[in-house]
Each structure stands twice: as C-alpha cells, then as structure tokens.
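The values are calculated or read from the model by the stated rules, or taken from the named source; none is laboratory data. Only a predicted model underlies this, so the values are computations on that prediction, with no experimental measurement involved. Methodologically, a virtual Cβ is constructed for each residue, glycine included, from the backbone with ideal geometry; neighbour enumeration extends over all protein chains shown.
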Amino acid sequence: MIVYVATKNAGKFAELQAIFAQDHWELRPHPAYDDVAEGEGSYAENAALKARALWQAIARREPPAAVLGDDSGLEVAALGGRPGVRSARYGGPRATWAERRRSLLAELAASGSGDRRARFVCALHFIAPDGAETAVEAALEGFLADADRGSAGFSYDPIFVYPPLGATFGELDDAAKNGVSHRALAARKLVTELGKQRQSADFPAPAGN
C-alpha cells in the first residue's frame, strides 16, 4: 500500500518508513504538503490537522490517496508534562535540537525535583483514499539522562533513556530504536485497527430478523 506522509521532518519520515515497511506499506513524501501551524490542544488534533491538509491538497490536483499524519512529543513528569505538544518549539522557533535538550535539562535541574521520569508520545492519523479516518496514540515510558548520550536519532533521543535496554535512543541503532519506540507502538496499533476494520467490512454482521 502506498501512503503519503504529512511531514517535512526527514528523521521522522525515515523512522516511519522503516517501521511500516514490515507491514508492506510504501511510505512516500508528497510535494503538495506544506507544514501547517500546529495547535496547543493535543497530539491527536495536530496529527489530524497535518493528515487532512495533505489529503485535501492531493485531492485538489489528482485522485485521492492514503495519507498519514504524525504528531509526537516528550513529556517530563516533574515539569507537568511539558514540553508536550510544544516539543518541537521548545526554546523558541530558532533553537537547535541540541539547545532544546540543554534547556530542558537545565529547567529540570532548576526545578529541584529528583524525578527524571519522562515519556515519548506519538499520535498517528490515517486517512484512506475514500476519506475514512483512523486515529491512534501510544506512549513509551523512560527517564531523562543527565546529558546527551549518543548521536543517533534526532530531537530528544540523546537524553531519553529506554530502561529495558539501559540506553538512550541516541545510543541505539535504527533497527533497535524502531523496534521499541513510541512510533513503533503507535504503528502497530494503527495496523491492527485497520485490520479489524477491513475484517469487519469483509464479514458484515448478519441482518436482523
């Protein structure tokens, strides 16, 4: 199945492409997509906003196609769940990811809390060619390292420790991260949900008497 992804983030696209490849999804970028202004409400709302923008852009110029929107972020327990939906904007629009990570660790240190729990959250929004929409969300628990560890991945990966492996996402290779990440969890939920929908359509409930 060919699916167009509503993102211009190369790291995110590469991860989604690798994750969905095992389910024989061929993910592609689309030139019609322009980044949308993300809201402050929820990951789900932002993922839907991106997916709908791309679906509509495609439908205006060619036959409708399947699209996928993703919104994700890091939530730090001691900071009340921040930066959350503002993860990509934390520290200002011109901040680098390295600067955002340093700022986040500095803010956590300044809070005086010894609680380093954090979680990555991913919302996926799928729109089929016929316009039917399916949304899922998943989270992965971990904690924050004291400083960057590893150079793999992107965003907050070098400071997010995945406890079962005792390593940050920045220390894992692509295959290891994509096997356990918040995006992998959300992808599995989406594929499972679409499978249920397909099975329900193939085997409709018996008509009533």
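Worth a mention:
- Exactly one residue out of Ala32, Ala57 is over 21 Å from Trp97 (Cα atoms) and part of a loop (DSSP other than H, G, I, E, B): that is Ala32.
- When Arg82, Arg101, Arg61 are screened for being basic (Lys, Arg) and at pLDDT below 95, only Arg61 passes.
- Complete set of residues in the stretch 87-102 that are in a helix (DSSP H, G or I) and over 13 Å from the mean Cα position of the chain (by Cα): Arg89, Trp97, Ala98, Glu99, Arg100, Arg101, Arg102
- In the stretch 63-81, the residues that are within 11 Å of Pro129 (Cα to Cα) and either out of contact with any helix residue (DSSP H, G or I) (no Cβ under 9 Å at 6 or more places or on another chain) or not in a strand (DSSP E or B) (or both): Pro63, Pro64, Ala65, Ala66
- Hey, Arg117 free of Cβ contacts under 8 Å to residues at least 12 places away in the same chain, more than 17 Å from Ala6 (Cα to Cα) and not small (Gly, Ala, Ser) or not: no
- The lone criterion from (1) in contact with a Phe, Trp or Tyr (Cβ under 7 Å, 6 or more places away or on another chain); (2) surrounded by fewer than 19 Cβ atoms within 10 Å (Cβ to Cβ) left unmet by Pro93 is number (1).
- Ala147 fulfils the conditions (1) of a type in the set (A, V, I, L, M, F, W, C); (2) in a helix (DSSP H, G or I); (3) surrounded by fewer than 19 Cβ atoms within 10 Å (Cβ to Cβ) except for a single criterion, (2).
- When residues of the stretch 1-48 are limited to those that are within 19 Å of Gly131 (Cβ to Cβ) and small (Gly, Ala, Ser), the one modelled with the lowest pLDDT: Ala32
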